[in-house]
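J.: Below is a structure I'd like to ask you about.
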Amino acid sequence: MRTATMVASAFAFSLLRACAESEEEAAGDLAEQQMESQEDVLEEEADLAEAQGDEAQEEVLDEQADAMGDAADEAEEATEDQVAQ
């Protein structure tokens, strides 16, 4: 009886851990997708600024888009590292 309880407890713990990892992974994926979406918006705003002849604004927006893309890449790596552990 005691062995069955230990096995059941171990199984329950592994399920909880899997759920927690899935939740962490989902949260990381969501953060990454939000940053990528913001990057896309900034790139479109930069295109609009370029079309309107506002080169200074275009450069600022392009730099912001690049930074957002880098942040999305870092979020993806952090999520992968967290899931791997």
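Read-outs throughout are calculated quantities, based only on the coordinates presented, and are distinct from any laboratory measurement. A quick note: this is a predicted structure, and the numbers were derived from the prediction, not measured. Glycine also receives a Cβ, built like all others from the backbone with ideal geometry; neighbour counts cover every protein chain displayed.
J.: Kindly rank 25-31, 52-58, 63-69 from highest to lowest mean number of other beta carbons found within 10 Å of each residue.
T.: 63-69, 25-31, 52-58
J.: Now for a different question. Given R₀ = 30 Å, FRET efficiency for ASP47-GLU80 by Cβ-Cβ distance, to 0.05?
T.: Values: r = 31 Å, r/R0 = 1.03.
Once rounded, the FRET efficiency stands at 0.45.
J.: Residue separation times 0.36 nm, minus the C-alpha to C-alpha distance between GLN57 and ASP40: what's the value?
T.: 4.5 nm
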